[in-house]
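**Q** Handing you a structure now.
The values are calculated or read from the model by the stated rules, or taken from the named source; none is laboratory data. Because the structure is predicted, anything quoted here is derived from the model rather than measured. No Cβ is skipped: glycine too gets one built from the backbone with ideal geometry, and neighbour counts run over all protein chains shown. The area values use the complete protein model at the heavy-atom level, side chains included, leaving out ligands, DNA and RNA. Shrake-Rupley method; radii C 1.70, N 1.55, O 1.52, S 1.80 Å.
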Amino acid sequence: MIKEINHFNLRSDEKTMHILKDFYINVVGLSMGERPPFKSKGFWLNAQENCVVHLSSTKNNEKKEHHVDSTIDHFAFSASNIKYYEKILTDNNIPFKFREVPEIGTKQLFFKDPVGNGIELIFT
C-alpha cells in the first residue's frame, strides 16, 4: 500500500543542478539535507525534516532537454505565509498565478522552476 510521496528527482548537467539547488532553497524555501556519498554528484533538499527533492548530475554526459512536454505538470508543496511567497516571487521576477479554491479552503500559487518544471504551493 502506498503511504505518501517520498521525493522527486531532477537530473541535469552540473551547472543546471546548482541553479536548481539555489532556486529550491532561496525561492521555494527548502533546506540542504544529508546525502550519502554516491558516485554521482548531487544534493538532497528537505522540507522541514523530510527529504523531498533529489538533484543529481547526468550520467555519462547524457543530455537532458529543458522545457519539454512531459507527463508531469507540476509538483505541489504545502506551505504557509502566502504574502512571503508572493513577495519573493515578485522580487525575483518569477511570474506566478494565484488561485483560490473556497470549496476546499485553499489558496494556491503556481510558477515554474528555472528549467520549466511546474511548482504549486498550497496554503490552507
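**Q** Filter region 101-124 down to the residues that are in a strand (DSSP E or B) and within 30 Å of Arg11 (Cβ to Cβ) and list them by number.
**A** Within region 101-124, Gln108, Leu109, Phe110, Phe111, Lys112, Gly118, Ile119, Glu120, Leu121, Ile122, Phe123 qualify.
**Q** How about region 102-124: which of its residues are more than 18 Å from Ile72 (Cβ to Cβ), touching a strand residue (DSSP E or B) at 6+ places or on another chain (Cβ under 7 Å) and free of Cβ contacts under 8 Å to residues at least 24 places away in the same chain?
**A** Thr106
**Q** So, one more: Looking at region 76-85 only, could you name the residues that are open to solvent by 40 Å² or more (accessible area, probe 1.4 Å) and either within 13 Å of Gly29 (Cα to Cα) or under 15 Å from the mean Cα position of the chain (by Cα) (or both)?
**A** Those that are open to solvent by 40 Å² or more (accessible area, probe 1.4 Å) and either within 13 Å of Gly29 (Cα to Cα) or under 15 Å from the mean Cα position of the chain (by Cα) (or both): Ala76, Ser78, Ser80, Asn81, Tyr84.
**Q** So if I check each of Asp73, Asp69, which one is more than 23 Å from Glu14 (Cβ to Cβ), within 13 Å of the chain's Cα centre (by Cα), exposed (fewer than 12 other Cβ atoms within 10 Å of the Cβ) and modelled with pLDDT under 95?
**A** Matching residue, one of Asp73, Asp69: Asp73.
**Q** Could I ask something else about it? If I ask for residues that are hydrophobic (A, V, I, L, M, F, W, C) and open to solvent by less than 50 Å² (accessible area, probe 1.4 Å), which ones from region 26-50 would you list?
**A** Val27, Val28, Leu30, Phe43, Leu45, Ala47
**Q** Here is a list: Lys112, Lys107. Which entry is in contact with a helix residue (DSSP H, G or I) (Cβ under 8 Å, 6 or more places away or on another chain) and among the charged types (D, E, K, R)?
**A** None of the others qualify; the one that does is Lys107.
Every residue, every condition in (1) at pLDDT below 90; (2) part of a loop (DSSP other than H, G, I, E, B), yes or no:
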residue	(1), (2)
Gly29	no, yes
Pro37	yes, yes
Ser40	yes, yes
Tyr85	no, no
Asn93	no, yes
Arg99	no, no
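**Q** Looking at Ile104 and the list (1) over 17 Å from the mean Cα position of the chain (by Cα); (2) open to solvent by less than 80 Å² (accessible area, probe 1.4 Å); (3) hydrophobic (A, V, I, L, M, F, W, C), which single condition is not satisfied?
**A** (2)
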